[in-house]
There are 2 protein chains.
Amino acid sequence: MTTIRDVARQAGVSVATVSRVINGNSYVNKDTESRVREAIQVMDYEPNTVARGLASKKTGTIAVILPDIMNPFFSELARAVEDTARHHKFTVIFCNSDDQAPKEKLYIQVLQQRYIDGMIFASNTLDEEDIQTMRGHGISLVVLDRAPRRGNCSIIRSKNVEGAKTAVQHLLSLGCRKIAHIAGPEELITAQERKQGYLDTIRHLKGFDPALIVPGHFSISGGIGAAQALLEYHPDVDGIFAGNDLMAAGALKALHRMGVSVPEQVSLCGFDGVAIAEMTEPELTTVAQPIYEMGATAAKRLIGRIRGETEEPSVTELDVQLVERDSTKRRVRR
Amino acid sequence: MTTIRDVARQAGVSVATVSRVINGNSYVNKDTESRVREAIQVMDYEPNTVARGLASKKTGTIAVILPDIMNPFFSELARAVEDTARHHKFTVIFCNSDDQAPKEKLYIQVLQQRYIDGMIFASNTLDEEDIQTMRGHGISLVVLDRAPRRGNCSIIRSKNVEGAKTAVQHLLSLGCRKIAHIAGPEELITAQERKQGYLDTIRHLKGFDPALIVPGHFSISGGIGAAQALLEYHPDVDGIFAGNDLMAAGALKALHRMGVSVPEQVSLCGFDGVAIAEMTEPELTTVAQPIYEMGATAAKRLIGRIRGETEEPSVTELDVQLVERDSTKRRVRR
DNA sequence: ATGAAAGCGCTAACAA
DNA sequence: TTGTTAGCGCTTTCAT
């Protein structure tokens, strides 16, 4: 293994000079520089990231904490983060939290010991203390998708309330009269906001019934259970807005099993815009988030902060878009 | 930040002693040990992973190189690896290669500079030189799912040929007479083997036609295109074995669009056993691999090798299992 | 059983 | 503009 000393010797300069040309943070004579570069070539030198990390406390590594990489929404986010990070010569460590606070805390601790430069949190239970701890350790932080209670850090999210309103209005415009909502976990801000959008749109209309909101845990099986319960107690439901596509897919499955046809009897709309929404039959209408863009933006923002280019914490809200497919269909107004 | 020196001072011993109790690799007096442990408690000390890495060349980090984390097969693999790694106190770096050799080479290089302890390769283009390079750098290697041409390293895979045979035999037993195969990329060993299993089972039967093998690139869109082409030229196909579930899902979509009913007119069987296979309507019969187990086994094997517990490279072939669902159905023999 | 001290490979003052 | 050198925090001989 060739080290910086070998290169220095080869080029007839000191290690400091070699370090300078590598990092390009100090003036080096043109000639010396080219001698050094040549030596680097000749000796096939690659700086050792670990040594560099120990000396500078910067490792060129970021971590992304997400609930579960198997959830297609998060795997797309992860993909975007990794692509962007690699483009900027950063390496990414990934961690599944299952939305469990203890796991998140453990990760934070482990990652601090590794001189991680920054973290992207697409998971929930970050509290003020965690944020301060990380700040104290000089770890930059970007919260993605799920914002923390108090927002003194960079946040990338999309317009959940607005998107939910669009979805429900779409259902209304189709002629749906009794629209239910399959909600995500109450503790998740995204779920809260989508429910809020649903409520804001529908609360004042006649026929509104809070019992039309059922929990679906943001999962396929949750969606199945929710749709079953819903149709059992409210067989006249003619529209369902699910808080994410996974639940919508589950609901579709359940409705099919119960012999309820979509969209003829029930119009169904999801949220997220993941690939699976196109795999069902009928394909799912959904409120699409710019998932890849969210991940890419988060990574860019984080790296900007790490490099000291961006200063203050900023909140970015990305637009969502209704994608009409076969699971919603205009019906005759009664 | 508290360092090993702080702890040593607090406990009234040398840093070497502290290091010894942390690593438990040398005899330390019981009393001294408990004094040190207490000091560690009191001072809330956490060893610095980076410093440790520089001194020992072991970082407690493994990398997993996969084609694309967005592919549900690989995200499940990734999840299994991360769970297992965390359990053993390892951290995982993940890298998407898109099956492009240059990206893989770049990752190998970058990861070497980081004193990675080992890598899990679920990607393709690893050549003998790469393997030797990594060996030279003391990086352990496990190849997952896609074995390299020559196998002088640990390999975890599943029984592709056998699984494909099972699938085709299942189709035959149902009464299918004209069975097509949607194949994965020719350069991938998994795709080759599944095609092999198909051929071995069907080649000698009357009615076999090599034109019934069409490429589907292991992707949804590839499956769509393949099914379209297939039905156009061979409208009397009554069974399709797709090399993976993504292509099967795509084929199902295409068949539906063409008005061909599954399983009434065409029986369809996939391979992998990913979640998406249960989301379609009808649900897909598939040859399920023990995906999570594959990832977990790979991680365990790798960590075993890193710790010097396991010695020689070994090849593990896991069993696959036919999961019968609604996309295949017994038909009347003509 | 324990300590002293020499690195690991690099960065970053501080000098020159 | 360049070199010298003291760390970064830990592991690991080599003594004792």
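The values are calculated or read from the model by the stated rules, or taken from the named source; none is laboratory data. Only a predicted model underlies this, so the values are computations on that prediction, with no experimental measurement involved. Reconstructed Cβ throughout: ideal geometry from the backbone, glycine too, with neighbour counts over all protein chains shown. In case anyone asks, the SASA skips ligands and DNA or RNA and just uses the protein heavy atoms, side chains included. Shrake-Rupley method; radii C 1.70, N 1.55, O 1.52, S 1.80 Å.
Taking amide H positions as placed 1.01 Å from N in the peptide plane, with prolines and chain starts having none, which residues 5 or more places from A:His181, or on another chain, fall under 5 Å of its amide H?
A:Ile213, A:Val214, A:Phe241
Give the lysines whose C-alpha is closer than 25 Å to that of B:Lys253, dropping any in the same chain fewer than 8 places away, or say none.
A:Lys253, A:Lys329, B:Lys165, B:Lys178, B:Lys195, B:Lys329
Tell me which residues come under 5 Å, amide H to amide H, from A:Met119 once H is placed; ignore anything under 5 positions away on its chain.
A:Ala63, A:Ser140, A:Leu141, A:Val142
Against the empirical 2.2 N^0.38 Å scaling, what ratio does the C-alpha Rg of the protein assembly as shown come to? Show your work: numbers first, answer last.
Working: Rg = 27.9 Å, N = 668, 2.2 N^0.38 = 26.1 Å.
Scaled against compact globular proteins, the figure is 1.07.
DSSP loop (so not H, G, I, E, B), at most 13 other Cβ within 10 Å: list which GluC sites (Glu not before Pro) in segment A:248-295 pass both filters. Kindly include the intermediate steps, with their values, before the conclusion.
Working: sites: A:Glu264, A:Glu278, A:Glu283, A:Glu293; in loops: A:Glu264, A:Glu283.
Sites meeting the loop and neighbour criteria: A:Glu264.
Excluding residues on the same chain fewer than 8 positions from B:Lys58, give the lysines whose Cα lies under 16 Å from its Cα.
B:Lys89
With the label 7 angstrom out along Cα to Cβ, how close does B:Glu317 come to the same site in each of the other copies, in nm, nearest first?
Sorted ascending, the copy-to-copy spacings read 5.8 nm.
Under a 1.4 angstrom probe, counting protein chains only, how are B:Arg135, A:Arg52, A:Arg9 ranked by accessible area, largest first?
From most accessible down to least: A:Arg9, B:Arg135, A:Arg52.
Tabulate in residue order the Karplus-calculated ³J(HN,Hα) for segment A:235-240, using 6.51 cos²θ - 1.76 cosθ + 1.60 with θ = phi - 60°, rounded to whole Hz; enter x for Gly and Pro.
x, 9, 4, 10, x, 9
Could you compute how much accessible surface A:Lys159 exposes when probed at 1.4 Å, giving the result in Å² to the nearest 10?
Result for A:Lys159: roughly 50 Å² accessible.
Considering only DSSP states other than H, G, I, E and B, which trypsin sites (Lys or Arg not before Pro) in segment B:94-134 qualify as loop sites with at most 16 other Cβ atoms within 10 Å?
Values: sites: B:Lys103, B:Lys105, B:Arg114; in loops: B:Arg114.
Listed in order of number, the matching sites amount to none.
If you line up the long axis of helix A:291-306 against the longest principal axis of chain A, both from Cα atoms, how many degrees apart are they, to the nearest 10?
Result, in degrees: 30.
Relative to the first principal axis of the alpha-carbon coordinates of chain A, what is the inclination of helix A:220-233, with its axis defined by its Cα atoms, in degrees from 0 to 90 and to the nearest 10?
Here the helix axis deviates by roughly 20 degrees.
Whole-Hz Karplus ³J(HN,Hα) for segment B:174-181, in order, using 6.51 cos²θ - 1.76 cosθ + 1.60 and θ = phi - 60°, x for Gly and Pro?
6, x, 5, 10, 10, 9, 9, 10
Loop-only GluC sites (Glu not before Pro) in segment A:174-237, please: DSSP not H, G, I, E or B, and at most 14 other Cβ atoms within 10 Å. Write down the numbers at each step before the final one.
Numbers: sites: A:Glu186, A:Glu187, A:Glu193, A:Glu232; in loops: A:Glu186, A:Glu187.
When the GluC sites (Glu not before Pro) of segment A:174-237 are filtered for loop state and at most 14 Cβ neighbours within 10 Å, A:Glu186, A:Glu187 remain.
Counting only protein chains, not ligands or nucleic acids, how are A:Val18, B:Val110 ordered by accessible area (probe 1.4 Å), most first? List each step's numbers first, then the result.
Working: A:Val18 0, B:Val110 50 Å².
These residues rank, largest area first, as B:Val110, A:Val18.
Under the classification rounded if a/c is under 1.5, otherwise prolate if a/b is larger than b/c and oblate if not, where does segment A:4-56 fall, given a ≥ b ≥ c as square roots of the Cα gyration tensor eigenvalues? List each step's numbers first, then the result.
On the way: a/c = 1.99, a/b = 1.30, b/c = 1.53.
The shape class here is oblate.
For chain A, what is the calculated [θ] at 222 nm in deg cm²/dmol (nearest 500), taking -39500 (n - 2.57) for each run of four or more DSSP H residues and dividing by its residue count? Spell out each step's value before the answer.
Values: 12 runs with 147 residues, N = 334.
It lands at -13500 deg cm²/dmol.
Give, as a single signed number, the net charge of other residues whose beta carbon lies under 12 Å from the beta carbon of A:Val28, with Lys and Arg counted +1 and Asp and Glu -1. Don't jump to the answer; show the numbers that get you there.
On the way: positive: A:Arg20, A:Lys30, A:Arg35, A:Arg37; negative: A:Asp31, A:Glu33.
My count for the surroundings of A:Val28 gives +2.
Which longest uninterrupted range of chain A lacks any chymotrypsin sites (Phe, Trp or Tyr not before Pro) assigned by DSSP to a loop state (not H, G, I, E or B) and surrounded by at most 15 other Cβ atoms within 10 Å? Can you show the working numbers first?
On the way: sites that count: A:Tyr27, A:Phe208.
After excluding every exposed loop site, the longest remaining stretch is A:28-207.
Pairing the Cα long axis of helix B:72-87 with the longest principal axis of chain B, what angle in degrees results, from 0 to 90 and rounded to the nearest 10?
20 degrees
Over the alpha carbons of chain B, what is the largest minus smallest coordinate on each principal axis, giving the biggest first in Å?
Rounded to whole Å, the extents work out to 88, 37, 29 Å.
Once the whole set of protein chains is in place, how much accessible area is left on B:Val42, using a 1.4 Å probe, in Å² to the nearest 10?
Around 100 Å² of this residue is reachable by solvent.
Suppose we keep just the DSSP beta bridges with both residues in the protein assembly as shown; what percent of those would be antiparallel, to 5? Please list the in-between numbers first.
Details: 7 of 77 bridges.
Restricted to the protein assembly as shown, the bridges split so that about 10 percent are antiparallel.
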